[in-house]
Amino acid sequence: MEILRGIAVGPGIAIGEAVVLDAEDFRIPCRSVARAAVEQEREKFQQAVEGSIGELERQTQWLLGNLGREAANVFAWHIGVLKDAKLQQGILRHIQEKAYSAAYATSTVMREYQRRFLQMSDPLLVERIRDVRDIERRLLRNILGDTREDLAHLTKPAVLIAHDLTPTQTAQLADTLVTGVALDVGGATSHTAILLHSWGRPSVIGLNDVSTRLSGGDTVIIDAVNQLVIANPDETTLNEYRRQESNYTRLAAELDTLRDLPSITRDGESVHLLSNVEFPHEARTSLAKGAEGVGLFRTEFLFLQPSGFPSEEDQYRAYLETVRAMQGRPVTIRTFDLGADKYTQEKRYEHERNPMLGLRSIRYSLANVGMFKTQLRAILRAAVEGEVRLMFPLLMSLMEFRQAKMTLHDAMEDLEEAGIPYRRELPVGIMLETPAAAIQVKEFCREVDFISIGTNDLLQYLVAVDRGNEEVSRFYDPSHPALLRTLADVMSACTKAGRDCSLCGEMAGSPLYALFLLGIGLRSFSMAPANIPEIKKLIRLATVAQARRVARRALTFETERQVTSYLREETRKLLPEDPI
Amino acid sequence: MNSSCSCEVEVVNAQGMHARPVMKFVDLASQFESEVTVRNVSRRGEDLDGKSAMHLMLLDAAQGAKLRISASGADAGAAVEALAALVRDGFGMSEGA
């Protein structure tokens, strides 16, 4: 038995037989060909180019229909490269002059380009190596025919182990029998991670050498709950995980029956359960899970397209798609949260020394007013067709809020002058994520229409811990008494001021904290769609009176550990069967 | 009549020369008969083929980078003028093209 630790993407547990894709993807059968065969190799290459372009065009259509425009856009540049005359000439010259086989010439030239991308200063460009590899593989597959394991041809469910997956491979997982994924490479903001996330099955990435440690046919457990991959588990472990897996499946089925029931406590208090969504197509998932609205629509996905800055029309279409999908339910759109760990557009010549404290989020938007205004225009236009609320992230002072509102008014005036329809009256609020905003919550309450607490960043700034840094991530604990107290203070200020307050950090989707949050007065929880049914189940079993008692007691503890064990105990009383 | 012509412009759009700007540049450059090359002056880079999607990505040109666009051929002047305008315009990325 071997246990590897990585970064989880997606929910749950998958158990299965391993299919391993090795890092050296293709074995090139021959390096050079007889002179007489040169013409044939040239033709083979040209047919592979045609074939690859055809595949990509079909795939783009499929993606447009199934994952939306942003996913489809990833491949526009791939088509451009395949049509690139310079590149084709380079490969054809290798075939002609050196009598290389089509496959070998393609591989040689594409690897040379991969090396050049490696030297780029812009990290987003370095990411392009993966796209170049993807193009190389596609060409090779077209030249050599499909000689290796093709995921689409799996005849029984399997767990996929690989060094890395290209965006193309990842986007196609939904059409295969793959039940879970483990990768050597990591990086939560890579295209692959984002596509894995929207695939929605358990994956663990950043495992360093899983693809060389495991062999095809090994029994593998992908545990995305505990961020583990377990190879060839012993009997006891395997049985334990089989039990958990079937529990998980049974609970998920049971929870789905809650979809159409109201989220209301036993003593009659209504609680709003909203969803956090990353892509427009997730709005439909939200409805399937019973969300009453979108509490946090992250807009950074627009930067997923390899292309660069999303135009106003791109944005307008994406926002509109989401607003329409929610059929009149409220949608809170957060303006770009760029910088720091997000698709950073690290287009700086010098990297920030401390990006989490640097030009990120609302600061980035206010420093790039043109970009910001474009986004605001797109939101204002989409708001015509639904209940849109506008949210600014990471404010640390009222001045920032006022400045952002001024930009909003400018955007409105521009639209007015241009005679473009938009919504003038829309609630404007903030995501409360800095200790400064938490301390000044009363002042913010006087100026904002609503507050949404972003506990992920709030906790990180409160305890000064980067949770992505494995040396210190164990100190990042939402049970920290300082966070609980801050949340209680913010809630009480909002309640007094009559301000709508919701919580959209990961805490909102964790059953462990639901009673506490309910007890301090939270009535609006926004979370990943998959978490909604479980939180609803818990709320339907709880009473406000009991939650208040739990919250009061939780606030008396001095350490994280005491808080966690107390909350676990109280939650288990309500959900004895669920893993808390 | 053959001629050559060049001009220096600054990349103004937020994302720099990423995939979509690259494709726009290639599409426009390909409409001209002249040979087009682009060099990232800020990085003292080499001349890269302005009609190649792969080469333009290798420019490594972020926002603020200075590019020298050169063309030689019958329509060199028009090519440089049109391409420079595209870059200066931020590739039309902010006005919903």
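Looking at the stretch A:198-217, can you tell me whether even one residue there is more than 24 Å from A:MET326 (Cβ to Cβ), in contact with a Phe, Trp or Tyr (Cβ under 9 Å, 6 or more places away or on another chain) and not assigned by TED's automatic domain parsing to the domain that holds A:VAL126?
Keep residues of the stretch A:198-217 that are more than 24 Å from A:MET326 (Cβ to Cβ), which gives A:201-217.
Adding the requirement that they be in contact with a Phe, Trp or Tyr (Cβ under 9 Å, 6 or more places away or on another chain) leaves none.
Checked against the condition, which is being more than 24 Å from A:MET326 (Cβ to Cβ), in contact with a Phe, Trp or Tyr (Cβ under 9 Å, 6 or more places away or on another chain) and not assigned by TED's automatic domain parsing to the domain that holds A:VAL126, the stretch A:198-217 yields no hits at all.
What are the residue pairs meeting all of these: first residue in the stretch A:162-186, first residue over 11 Å from A:GLY206 (Cα atoms), second residue assigned to a loop (DSSP other than H, G, I, E, B) and of a type in the set (D, E, K, R), Cβ atoms under 7 Å, and 6 or more apart or on different chains?
Within 7 Å, the pairs are A:LEU177/A:LYS156; A:THR179/A:ARG201; A:GLY180/A:ARG201.
Out of the helices (runs of 4 or more DSSP H) lying entirely within chain B, which hold 3 or more residues that are away from every other protein chain (no Cβ under 11 Å) and in contact with a strand residue (DSSP E or B) (Cβ under 7 Å, 6 or more places away or on another chain)?
Numbers: elements: B:19-29, B:53-57, B:76-88.
Correct list: B:76-88.
Is it true that some residue in the stretch B:34-48 is farther than 11 Å from B:SER70 by Cβ and within 9 Å of the chain's Cα centre (by Cα)?
Our first condition is that a residue be farther than 11 Å from B:SER70 by Cβ; within the stretch B:34-48, this holds for B:40-46.
Add one more test, that the residue is within 9 Å of the chain's Cα centre (by Cα), and what stays is none.
Within the stretch B:34-48, none of the residues are farther than 11 Å from B:SER70 by Cβ and within 9 Å of the chain's Cα centre (by Cα).
Of all the strands (runs of 3 or more DSSP E) wholly in the stretch A:193-263, which have at least 2 residues that are more than 23 Å from the chain's Cα centre (by Cα) and surrounded by 14 or more Cβ atoms within 10 Å (Cβ to Cβ)? Outline the logic, then answer.
Numbers: elements: A:203-205, A:219-223, A:228-231.
In the stretch A:193-263, the matching strands (runs of 3 or more DSSP E) lie at A:219-223, A:228-231.
Might you let me know whether the stretch A:72-90 holds any residue that is more than 13 Å from chain B (Cβ to nearest Cβ), without any contact (Cβ under 8 Å) to a residue 60 or more places away in the chain and not charged (D, E, K, R)? Before you say what the answer is, go through the steps one by one.
We begin by selecting, within the stretch A:72-90, every residue more than 13 Å from chain B (Cβ to nearest Cβ); these are none.
No - not one qualifying residue is present in the stretch A:72-90.
Of all residues in the stretch A:142-157, which are at pLDDT 80 or above and either assigned to a loop (DSSP other than H, G, I, E, B) or surrounded by fewer than 21 Cβ atoms within 10 Å (Cβ to Cβ) (or both)? Before the answer, list the steps.
We begin by selecting, within the stretch A:142-157, every residue at pLDDT 80 or above; these are A:142-143, A:156-157.
A:LYS156, A:PRO157, listed by residue number.
Out of all the residues in the stretch A:165-176, is one or more out of contact with any helix residue (DSSP H, G or I) (no Cβ under 8 Å at 6 or more places or on another chain), surrounded by fewer than 20 Cβ atoms within 10 Å (Cβ to Cβ) and farther than 23 Å from A:LEU125 by Cβ?
Of all residues in the stretch A:165-176, those out of contact with any helix residue (DSSP H, G or I) (no Cβ under 8 Å at 6 or more places or on another chain) come to none.
No, every residue in the stretch A:165-176 fails to be out of contact with any helix residue (DSSP H, G or I) (no Cβ under 8 Å at 6 or more places or on another chain), surrounded by fewer than 20 Cβ atoms within 10 Å (Cβ to Cβ) and farther than 23 Å from A:LEU125 by Cβ.
Can you name the number of the only condition in (1) within 21 Å of the chain's Cα centre (by Cα); (2) surrounded by 21 or more Cβ atoms within 10 Å (Cβ to Cβ); (3) at pLDDT below 90 that A:LEU160 fails?
(3) is the only condition that A:LEU160 fails.
From the set of residues in the stretch A:121-137 that are within 11 Å of another protein chain (Cβ to nearest Cβ) and buried (at least 20 other Cβ atoms within 10 Å of the Cβ), which is farthest from A:GLU352 (Cα to Cα)?
Ranking the qualifying residues of the stretch A:121-137, first place goes to A:ILE135.
The values are calculated or read from the model by the stated rules, or taken from the named source; none is laboratory data. Keep in mind that what you see is a predicted model, and the values were worked out from it rather than measured. So basically every Cβ, Gly included, is an ideal-geometry build from the backbone, and we count neighbours across all protein chains shown.
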